[in-house]
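So the structure is just underneath, and the comments pick up after that.
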Amino acid sequence: MAQTFVESKLKASKVTMFEKPACPYCVRAKGILQKYKFKEGHLEIVNISNLDIVASVQDYFLQKTGERTVPRIYIGEKCIGGCSDLVPLDSSGELEKMLQSIGALQ
């Protein structure tokens with residue numbers, strides 16, 4: 001069920017971030033992503049904190065990405081990691097290139 005939930009959120013031309021709103025790393029990552037001008041529907045922030053399956057979703061992240069923590073950020077269908085992975089991509093300009101390459105930006 002967790003796998004189906006996670007995979008249903010991922011699309012080739014979309015950025016998906018799985019978060020828990022109380023997590024400071026999630027807040028920071030969301031702030032970075034929200035600086036960019038996404039096309040309608042090309043950025044989805046998914047709050048997993050109230051899901052009945054939150055533990056199994058995080059177990060699936062561990063199985064699929066090697067990390068269980070949030071945020072888990074996907075550009076297209078590829079996980080780029082968490083906040084500590086997003087920060088240098090943003091600082092170097094690589095993040096913007098990645099977002100343009102999937103057609104997510106206006």
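The values are calculated or read from the model by the stated rules, or taken from the named source; none is laboratory data. The shown structure was predicted, so the numbers you read here are calculated from the model rather than taken from an experiment. Backbone-built Cβ (ideal geometry, glycine too); neighbour counts: all protein chains shown.
Scanning region 60-67 for residues that are within 19 Å of Phe38 (Cβ to Cβ) and modelled with pLDDT of 95 or more turns up nothing.
From the residues in region 1-34 that are surrounded by fewer than 17 Cβ atoms within 10 Å (Cβ to Cβ) and touching a helix residue (DSSP H, G or I) at 6+ places or on another chain (Cβ under 8 Å), which one is farthest from Asn50 (Cα to Cα)? Spell out how you get there, then give the answer.
Looking only at region 1-34, we keep the residues that are surrounded by fewer than 17 Cβ atoms within 10 Å (Cβ to Cβ), and these are 1, 3-5, 7-13, 21-22, 24, 27-28, 31, 34.
If we keep only those that are touching a helix residue (DSSP H, G or I) at 6+ places or on another chain (Cβ under 8 Å) as well, we get 1, 3, 5, 21, 28.
Working: Met1: 15, Gln3: 17, Phe5: 14, Pro21: 10, Arg28: 20 Å.
My answer is Arg28.
Scanning region 1-23 for residues that are in a strand (DSSP E or B) and acidic (Asp, Glu) yields one hit, Glu19. Residues that are of a type in the set (A, V, I, L, M) and closer than 25 Å to Glu40 by Cβ within region 82-106 comprise Leu86, Leu89, Leu95, Met98, Leu99, Ile102, Ala104, Leu105, listed in sequence order. Listed by first and then second residue, the pairs linking a residue in region 1-30 that is farther than 12 Å from Glu44 by Cβ and touching a residue at least 40 places away in the same chain (Cβ under 8 Å) to a residue that is among the charged types (D, E, K, R) and outside any helix (DSSP H, G or I), with Cβ atoms under 8 Å apart and 6 or more places separating them unless they lie on different chains, are Ala12/Glu77; Cys26/Glu19; Cys26/Lys20; Ala29/Glu19. Of all residues in region 24-54, none satisfies the criterion of being part of a helix (DSSP H, G or I) and acidic (Asp, Glu).
With respect to Val57, is the statement that it is among the hydrophobic types (A, V, I, L, M, F, W, C), part of a helix (DSSP H, G or I), surrounded by 15 or more Cβ atoms within 10 Å (Cβ to Cβ) and in contact (Cβ under 8 Å) with a residue 24 or more places away in the chain true?
On the way: among the hydrophobic types (A, V, I, L, M, F, W, C): yes; part of a helix (DSSP H, G or I): yes; surrounded by 15 or more Cβ atoms within 10 Å (Cβ to Cβ): yes; in contact (Cβ under 8 Å) with a residue 24 or more places away in the chain: yes.
Criteria met by Val57.
There is no residue in region 73-83 that is part of a helix (DSSP H, G or I), within 21 Å of Ile102 (Cβ to Cβ) and in contact with a Leu (Cβ under 7 Å, 6 or more places away or on another chain). Taking only region 60-87 into account, find how many residues are within 14 Å of Phe5 (Cβ to Cβ), surrounded by 19 or more Cβ atoms within 10 Å (Cβ to Cβ) and without any contact (Cβ under 8 Å) to a residue 24 or more places away in the chain. So the count comes out to 0. Report yes if Gly66 is among the small types (Gly, Ala, Ser) and at negative phi, otherwise no. Against the criterion (among the small types (Gly, Ala, Ser) and at negative phi), Gly66 does not qualify.
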